[in-house]
Amino acid sequence: MVQRKGPGVRLELPTLQNWSCHNCGGCCRQHDIEITAEERERILAQTWSREEGVDPDRLVEETGGGGRRRWRLSHQPDGACVFLDERGLCRMHARYGEASKPLACRLYPYTFHPDENSLRVGLRFSCPSVVSNRGTPVLAQKATLLRLSQEVVPAGYAGVAAPPLVSGRPLEWSQLHVLTGVLGELLGEDQQPVVLRLLWCLGMLSLLEASRDTGEIPFPRQVGQLAEAVRRELPGLSRQPMQPPAAMARRLFRMTVAQYSRKDTFQAEQQTWRYRWKLLRSIWRFTSGKGQTPVLQEGFRPVPFVDLERSCGEMTPEMNGVLSRYLQVKVESLHFCGLAYYGVPVVEGFASLALAVASACYLARWLARGDGRSQWQLDDVQRALAVVDHHHGFSPALGQTSFRARQRWLWTQREVTRLVLWYGQ
């Protein structure tokens, strides 16, 4: 991470993103909030009564795992945080002030990721206000984010190495900055469809992975030449061959979509074996791709799997815009590789990010078809992206060996590009 010096650390903020809380209460319903021992003692010292809507005997509860004692905020019977009121507001915030809340609550939806000598700030698109870009520009919130960064970065933490390009091929931080800068430039070509921009990035990384690192060509020039090459070779979507992904690729991709579609809330987990049996059956149906889709969370209706292989029309400029902003924020914040994303190399992480976008497109088709429409809409893409980013980079399951192996197979077989093209158009 970064060395803490003086009153704060240097932050790199996303340039395209706005955000303010609009009190929807969604984050207080879909997240388990783990707290430290110090936060637990502070919360238990607060005074609450059942007449105020808070059970004083159920403020926090112990959660297992990791071989050590851990705690989280308790939940109401409907799965909401114990401190969430009927207006979607936090009772703890209202009575004791924002500083009384756990750090996890105060950070959301912001994320902090280590750079060479700074922190890259990202945002979680599971928040509807982030997806819709509503609120104050993030650039104007620097003072608040600097204060929060003091609680994120431990004093004296010295730093880490840059993530490698691929396993066994290290990068210097300066090289990673060049690479993410070029990726950002390709993704910023807003006069082109976002799917084409994503294909450019994937093509450039594929060429870079295949090239030999002889040191004869300076890294910035090499990356720039490769970016220009893919622009020439991939001039437009209308000229891209629509070759369907292989049957095995679609099967593995549906397993990825199933992982993103899960909603493992506290309320669902209380169903124990029934929930697990339902989840197992659902994953099997996603794997087979036959019959109708199982419903893993509210808002998705059963539809025939075959309907999701048919296009829902072209993307509108607004749909292109939200997916483009998502990709650019992830790249700017480094939230696709290294410590920010399960410790994976750059190429593997970006391929996973591309598959996350393809998964969002698949889910957007599902929302449209479930609503009886043959054309998708901006709201479908926004809702689907929020579902995907609830997990992407945060669910431990996505960092497991089996999940990563499936993603790598899709990349090595050149199926990632086909999947992006097939489901993104």
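If you filter region 370-415 down to residues that are touching a helix residue (DSSP H, G or I) at 6+ places or on another chain (Cβ under 6 Å) and not in a helix (DSSP H, G or I), you find that the one that is farthest from residue 309 (Cα to Cα) is 392.
Residues in region 264-291 that are surrounded by fewer than 16 Cβ atoms within 10 Å (Cβ to Cβ), modelled with pLDDT of 70 or more and not in a helix (DSSP H, G or I): 290, 291. Does residue 352 fit the bill of being in a helix (DSSP H, G or I), without any contact (Cβ under 8 Å) to a residue 12 or more places away in the chain and within 20 Å of residue 246 (Cβ to Cβ)? No; evaluated as a whole, the condition is false for this residue.
A single entry from 95, 106, 29 fulfils the requirement of being farther than 26 Å from residue 333 by Cβ, basic (Lys, Arg) and assigned by TED's automatic domain parsing to the domain that holds residue 132: 95.
Among the residues making up region 166-225, a single one is under 26 Å from the mean Cα position of the chain (by Cα), of a type in the set (Phe, Trp, Tyr) and farther than 17 Å from residue 320 by Cβ: 173.
Kindly indicate whether residue 314 is within 24 Å of residue 421 (Cα to Cα), touching a Gly at 6+ places or on another chain (Cβ under 8 Å) and acidic (Asp, Glu). No: the conditions fail for residue 314.
The values are calculated or read from the model by the stated rules, or taken from the named source; none is laboratory data. Values in this document were obtained by computation on a predicted structure and should not be read as measured data. All Cβ positions, glycine included, derive from the backbone under ideal geometry; neighbour counts span all protein chains shown.
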